Amino acid sequence: MATQINKQLGDNIFLTTLDAAASWGRANSLWPMPFATACCGIELMSTAASKHDLSRFGSEVMRFSPRQCDLMIVAGRVVMKMLPVLQRIWLQMPEPKWCISMGACACTGGVFDTYAVVQGIDRFMPVDVYVPGCPPRPEQLIRSILDLQDKIKSGGTVNAREFKLRILPEGPSRFDEDELIRIRERNGFKLDDQKYDPVH
Amino acid sequence: MANETTDSKPSEIETVKSRLVELLPGVGLEWSEFRGQTRVVFASGELLRCLNAFKAAGFDQLTDLTAVDLLEYGNVDDRFEVVYCLLNVDSGLRLIAKMHLNEPDLTIPSATSVWFGADWLEREVYDMYGIVFAGHPNFKRLLLPDDFQSFPLRKDYPVKGRGERHNFPIVTRAES
Amino acid sequence: MPLELLDSPDLDENKREGLWTLNFGPQHPATHTTLRLVLQLDGEMVIDAEPDIGFLHSGFEKLGEVLDFNQYVTIVDRMNYVSPMANEIAWHHAVEKLLGIELTPRCKYIRTIFAELMRLHDHLLCLGTCVLDLGGATAFMYAFNERETIYEICERASGQRFHTSYTRVGGLLYDVTDDWVKMVKDFVRNFPRVYRDFSGLVMKNRIFVERTRDVGVLSREEAIAGGATGPTARASGVARDLRRDEPYLAYDDFDFDVCASQGGDCYARFQVRMMEMLESVKIIEQAIDKLPQGPIFAGEAGKAGMPDKKEVYRSIEGLIHHFESVMPNRQMAGPKDSIYAATESPNGELGYYIVGDGSFRAYRARTRPPSVLHFALFSKLIRGCMLSDVAAVLGSINIIAAELDR
Ligand code: SF4
C-alpha cells in the first residue's frame, strides 16, 4: 500500500513543520514600511529604483500605511520630536513584525551627538538588523534584508512564539535613570520639576 | 582678489548710505566694511524705523535674519546680536544690518510688517535664542517641541543637551 | 484650478461652515521626508494650512560651533542630502571668503563641475519623485538611473558615492584623475538622450501638466517679499541667479543662460528646473573641455590646506604640514569678523553667515537655507487649491527636511 502511494506521488510530497512553512512564506514576502527621515531615505529610494532593484529579493512592496507592513526600515536620524511618531507607527504594525535600523544615525546617532538626536533607536524600541554606514550602500541594505530573511527562516514560528521571550528592552545598555538625574542636577534642574519627570 | 569685488559696488553703496542718513536723522549708524561687504550697526531702540528706512532705500528682500550669542566672544559688552541680511533684488546690492540686545529685556518689535518673509526666521531665532519678537502674528517655537525649556544655541547650553534626548518611554516586544 | 467650480470656496473667515481638519504627515509618502501639515478643508478645498516642522532638527548649527572649518564639511553634507556637494561648496565658499583665500583655477573648475552635477542631481530627484507622487512611476526610474551615474562620478573623485566631504578649505581632498574626466565627458555626451526621454515623460505627460498648471501660483511681489530664491523665484519672474549676478567659482568664464518664467505656478517651477538642467550640462561641457592643469590647493591656504597624502606618508615635511593643519592649537588663525556669503544651490540661495573669533573654527555658523523661506510660503500657495494639489505644490518647491530643520 505504502509503496503504491509512493509510486503515485513520487517526489511530489515532502514533510516539514508548520513553523518552517510559515517562516518561509513570511521571509520571502516582506512588505517594508519605509520610515525614511533623512539622507538614508534617498539611498533607500535608490535601492528600490532601477539599478539596484529591491524587488529581486521579494520585498519591494513599499506600503506607507503601517497596518499593511511587517518590516519597518528606519532610514535616517530620529530626533526628539520624531521618536514618539516612530513608536506610534511601530505599535500600529501587525505582528509578526521586524525592524531594520538603517544607517549610523538610526543605530547610534552617528555624527550627530547633539541635544536633539536620539542616540540609537534601539534604546527605545526593538531592532532586528543593524546596517552600518553613512549612508549604507544599497548593496548593504540588500544584504541586511537577506540576513533578516535568514533570521526569520531559522527561528520563526507560526504563532510568533519567538517574540514572547523578548520582553526586556534590547538596547546596547539601557540609559541609566540615575545618570539622567545626575545630568539634570548638574544643570540645575530640580527633580520635582513636572516637565522633567522621567516617563519610564 | 576676485572675492573682494563680488558684492562691492562702491558708488551705489555710497548713494544708499547717504539716503539712509537722510531717512534716519538722529539715529546712530555705524558703518563698516569687510572683504567688500558693507555692514551697519544701528541702535536697538529704533528698530522698526530703521527697518522701514532700509526698505525705503530699496532693500526689498530680507535674505536672512539670525542672531549671535556673544557670551564667549570676548571684548564685547553686549549679549546678543541680531543680524538682518538685506538684498536689493534689482540691483543686487547687499547690506548686513546688525543690532545689539541685552538681557533681561529680550523683546524687540517684529519685522513681519516690513517683510513677511521674516515670519519663520523670527520664530527660529526665538526657538534658538529666546529673543521675543513683539507683534508677530503667530509666535511660538518653530523647530523644537513646544515643551522644550531651553534655548539650545545659547553658548551656555551644552552641545549634548541636558538629557532631553533620553527622556522617552521604552517600547519592547511585550507591548508591541 | 483648471475646473470652474460650481460653488467656489468662501475664503471669508466669518462665513466658514462645516470645515474639517486633516493631519498630513509627519510620516506620509508625499512629504518625501518629515514634515507635518495641518490642513483646514472645506470639502476638498484647502482653506488654510499650518505647517509644523522640526521633525528632523538635529542641531547642525550647534555642531558648527564645535567643529573646525574642515571638519564641519562632513556635517553640512548632510543638510541638503539630495545634492550633498552643493552644500560643501557653499560652506567652503563662505569660509574662504572669510579667510580671504583665492582658489586655484583647477580647483575652481572642478568645483564648478561638481556644483552643476549636483544641480542635475537635485532637479532629477525633484522632478522624478514629484511625478511619482502625481501617479507616474516611470520617470522616477529614469531619474534614478541617471543619478546613479552621477553617484559614480562622485565616487570616483572622492571615494564616497553619497556624502562625499570632498572640499577642503582652499582646495579639494584629492585631485581628479583622467578616468574621472572621461566619465564626465561620457556623461555629458549621454545626457541629451536621457534628457529627451525624461522630459518626454514629465513635461509631455498630460496628467502631470494638468495637475500642475495654475496650481499654487506665486506672484513676483510675494516671491520677493517672502524671500524666495532659486527656481521658485525665477518661475515667478525674478530673473536673479547668483551664478550670473555675483559670480563665484569659475562661472564668469562660461556662457550660459538664466532660465526664468512668468507663470509662477507649479508647472512653471518644473519647467524652470527642466530648462536649467540643459544649462548645467552646457556649463559642464565647457568646463571639462577647458579644465586647467595645476595644483588644487591655493598657496595662500598655507596651513589651512591639506598636504597630498603621498607627502604625508613619505616625507617628514608633509607630516609636519599635516600636523599643522589638523591640530587645534597649531591651525591657521582666522579673522575676528563676520561674513555672509551665498551660492546658488539647486534649490535657491544657500548662504552662510559665519562669525569668526580668531581661530580656525566658526563662533557661529548660520545657514541660510532656501527651504525654510520657501516652505513658509506654502500656506499662501496652497490656499484655494484642492487636497490632491498638496503633493504637487510640495514637490514643486522641493522641500528638503534636513535643510529645513537643520
Ligand atoms: S547615517 Fe548618515 S546618511 Fe544616514 S541619515 Fe545619518 S547622516 Fe544621513
Response to the item:
note: region C:89-134, Cα-Cα separations exceeding 16 Å make up a percent value of 53
Practice prompt. Write down the percent of antiparallel bridges among all DSSP beta bridges whose residues are both part of the protein assembly as shown, to the nearest 5.
Written response: 75
Practice prompt. Would you mind listing how long chain C runs along its three principal axes, going by Cα atoms, in whole Å with the largest first?
Written response: 80, 45, 34
Discussion item. Would you report the distance distribution of C-alpha pairs in region C:45-138 as whole percents per 10 angstrom bin, up to the bin with the largest distance?
Written reply: 13, 32, 31, 17, 6, 1
Response to the item:
About its Cα centre, region C:211-370 carries a charge dipole, from +1 on Lys and Arg Cβ atoms and -1 on Asp and Glu Cβ atoms, whose size in debye to the nearest 20 is 620
Worksheet item: What trypsin sites (Lys or Arg not before Pro) in region C:257-356 are in a loop by DSSP, with at most 14 other Cβ atoms within 10 Å of the Cβ?
Response: C:330, C:336
Practice prompt. Express in Å², to the nearest 10, the accessible area of residue B:160 obtained by rolling a 1.4 Å probe over the protein heavy atoms while all chains stay in place.
Written response: 110
Item to complete: Whole number in Å², please: accessible area per residue of the protein assembly as shown, 1.4 Å probe, ligands, DNA and RNA not counted.
Response: 39
Discussion item. Give me the three principal axis extents of region C:93-212 from the C-alpha atoms, as integers in angstrom, largest value leading.
Written reply: 50, 32, 21
Discussion item. Give me P(r) over chain B, computed from all C-alpha to C-alpha distances, binned every 5 Å, as integer percentages.
Written reply: 1, 7, 15, 18, 16, 14, 11, 6, 4, 3, 2, 1, 1, 0, 0
Discussion item. Can you tell me the mean projection area, over all orientations, of the convex hull of region B:80-176's alpha carbons? Units nm², please.
Written reply: 9.6
Worksheet item: By how many degrees, 0 to 90 and rounded to 10, does the Cα axis of helix C:178-202 deviate from the longest principal axis of chain C?
Response: 0
Worksheet, complete the sentence: Sorted list, accessible surface of protein heavy atoms, 1.4 Å probe, largest first, for C:275, A:93 is C:275, A:93
Worksheet, complete the sentence: In debye to the nearest 20, the charge dipole size for the protein assembly as shown, taken about the Cα centre with +1 at each Lys and Arg Cβ and -1 at each Asp and Glu Cβ, equals 1720
Worksheet item: How compact and how long is region C:146-209, expressed as Rg and Dmax of its alpha-carbon atoms in Å?
Response: 15.6, 48
Fill in: For residue C:24, solvent-accessible area (1.4 Å; no DNA, RNA or ligand), Å²
20
Discussion item. Checking the a/c ratio against 1.5 first, then a/b against b/c, what shape does the Cα gyration tensor give for region A:30-119?
Written reply: oblate
Discussion item. Just to be sure I follow: if Rg is taken over the C-alpha atoms of region C:120-167 and Rh is the Kirkwood radius over the same atoms, what is Rg/Rh?
Written reply: 1.09
Worksheet entry | Over chain B: helical MRE at 222 nm, DSSP H runs n ≥ 4 each giving -39500 (n - 2.57), nearest 500 | -6500 deg cm²/dmol
Worksheet item: Over the C-alpha atoms of region C:52-93, what are the Rg and the largest Cα-to-Cα span, Dmax, in Å?
Response: 10.7, 33
Worksheet item: Rounded if a/c is under 1.5, else prolate if a/b is larger than b/c, else oblate: which is region C:308-349, with a ≥ b ≥ c the root eigenvalues of its Cα gyration tensor?
Response: oblate
Worksheet item: In whole Å, what are the Cα extents of region C:301-370 along the three principal axes, biggest one first?
Response: 44, 28, 14
Fill in: Charge dipole (debye, nearest 20) of region C:110-220; +1 at Cβ of Lys and Arg, -1 at Cβ of Asp and Glu
340
Worksheet item: How big is the equivalent ellipsoid of region C:166-270 along its three axes, where each semi-axis is √(5λ) from the Cα gyration tensor, reported in whole Å from largest to smallest?
Response: 32, 23, 11
Worksheet item: Can you list, largest first and rounded to whole Å, the semi-axes you get for region C:332-406 by taking the square root of 5 times each eigenvalue of its Cα gyration tensor?
Response: 35, 10, 9
Practice prompt. Mind running the shape call on region B:71-112? Use the C-alpha gyration tensor, a ≥ b ≥ c as the square roots of the eigenvalues: rounded below 1.5 for a/c, prolate if a/b tops b/c, oblate otherwise.
Written response: oblate
Worksheet item: Got a sec? Which residues of region B:107-138 lose 50 Å² or more of accessible surface with every protein chain in place, vs. that chain alone, 1.4 Å probe?
Response: B:116, B:120, B:124
Fill in: Long-range Cα-Cα pairs in region A:1-155 (distance over 29 Å), rounded percent
25
Worksheet item: Round to a whole number: what % of the accessible area of region C:208-316 belongs to carbon and sulfur, probe 1.4 Å?
Response: 48
Item to complete: For the A and B pair, go ahead and give the buried accessible area with a 1.4 Å probe, both sides summed, in Å² to 100.
Response: 3200
Worksheet entry | Relative counts (whole %) of C-alpha pair distances in region A:11-60, using bins that are 10 Å wide | 21, 36, 23, 15, 5, 0
Practice prompt. Take the alpha-carbon centre of region C:193-222, take the same for region C:250-295, and report the distance between them in whole Å.
Written response: 19
Discussion item. Counting protein heavy atoms only and a 1.4 angstrom probe, how many square angstrom of accessible surface do chains C and B bury in total, to the nearest 100?
Written reply: 4500
Practice prompt. Name the residue farthest towards the positive end of the dipole of the protein assembly as shown from the options A:5, A:78, C:171, assuming +1 on Cβ of Lys and Arg, -1 on Cβ of Asp and Glu, about the Cα centre.
Written response: A:5
Item to complete: Could you tell me, in Å, what Rg and Dmax come out for the Cα atoms of region B:114-158?
Response: 10.8, 35
Practice prompt. Note down the Stokes-Einstein diffusion coefficient of the protein assembly as shown in µm²/s, whole number, using a Kirkwood radius over alpha carbon pairs, 37 °C, and 0.692 mPa s.
Written response: 118
Worksheet item: Taking only the alpha-carbon atoms of region C:232-335, what semi-axes of the equivalent ellipsoid follow from 5 times the gyration tensor eigenvalues under a square root, in whole Å, largest first?
Response: 42, 17, 12
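The values are calculated or read from the model by the stated rules, or taken from the named source; none is laboratory data. Quick caveat, the model's predicted, so the values are computed rather than measured. With ideal geometry, Cβ positions are generated from the backbone for all residues, glycine too; neighbour counts draw on all protein chains shown. Accessible surface is based on the protein model in full, side chains and every heavy atom, while ligands, DNA and RNA are left aside. Shrake-Rupley method; radii C 1.70, N 1.55, O 1.52, S 1.80 Å.
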